[in-house]
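Derivation of every value follows stated rules applied to the coordinates shown; laboratory data play no part. Here the structure is a predicted model, which means the values were calculated and not measured. No Cβ is skipped: glycine too gets one built from the backbone with ideal geometry, and neighbour counts run over all protein chains shown.
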Amino acid sequence: MFKRATVLAALALFALAARPALAQQVMVDLNPFGGIYFPISDLVEEDGETGKQKLGPLFGARVTVWLNESFGVEGGFAYSITDAEADIAGTTFEEDANVMLATLMGLYQFAPSPTAPFMLHVGAGPALIIHGGDAYEDVEGTTDIGGSIIFGGTYDVSDMLAIRFNAQDFMYSAKFGEEPEETDAKFQNDLVFTGGVVIKVGR
């Protein structure tokens, strides 16, 4: 219930923040992208046994509503098809798995110098992380609320089109199962590296 309320509150914040811009000529960026999902930590580590999500390809999209030339509100969704790996008693097991990532963040963009041909941006906000697939069938605790930070840049190809690259970190605490067999909570850093095109609307 708390996680659902947090997501609904984030969506309401997005709507309220975007409303003033909609009264004017709104500037919107549509950013389909592809990249790599790169989890840093093991999801489970107990009694010498470990479980982790493996590196894999990722694709998704972002929608950015610019409130002015520097500040924007961005919603994003990404999906990665990866394997989950468990090491139990010296034997390694792998099963199909996936990860879904959703974010809502504030974004600030700036030019590194007055004559720079590209823009940089940084942002932060809440994130939703969902582990799924065969590896997590009948497993409790696969949905987590955390935070995300992002850094990247865009290079304008034309007035309506740009190229965008990003590095993003998803930070959250993961634990699985139910008491008394619930795993210990482990802090996670899931890195995402992406590149794609930006389609500019309302310019």
request  = Run the numbers on region 2-201 and let me know its relative contact order in percent, using alpha-carbon pairs under 8 Å that are six or more apart.
outcome  = 21 percent
message = Between Tyr108 and Met160, what is 0.36 nm times their sequence separation minus the Cα-Cα distance? Round to one decimal in nm.
response = 16.7 nm
remark   = Rounded to the nearest 10 degrees, the helix 2-22 long axis (Cα) sits at an angle to the longest Cα principal axis of the chain of 10 degrees
query = Using r as the Cβ-Cβ distance of Asp134 and Ile199, and R0 as 45 Å, what FRET efficiency do you calculate, to the nearest 0.05?
reply = 0.80
inquiry  = I need the Debye-formula profile for region 2-201: one equal scatterer per C-alpha, no solvent, reported as log10 I(q)/I(0) at q = 0.07, 0.09, 0.10, 0.12 1/Å, two decimals.
reply    = -0.24, -0.39, -0.47, -0.65
key: Loop GluC sites (Glu not before Pro), region 168-203, which have at most 10 other Cβ atoms in a 10 Å radius of their Cβ (DSSP)   = Glu178, Glu181
key: 27 Å Cα cut-off, lysine pairs counted over the chain (separation 8 or more, or different chains)   = 9
task = DSSP loop (so not H, G, I, E, B), at most 14 other Cβ within 10 Å: list which GluC sites (Glu not before Pro) in region 60-151 pass both filters.
result = Glu69, Glu137, Glu140
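Per DSSP H run of n ≥ 4, the term is -39500 (n - 2.57); total these for the chain, divide by its residue number, and report the mean residue ellipticity at 222 nm rounded to 500 deg cm²/dmol.
-3500 deg cm²/dmol
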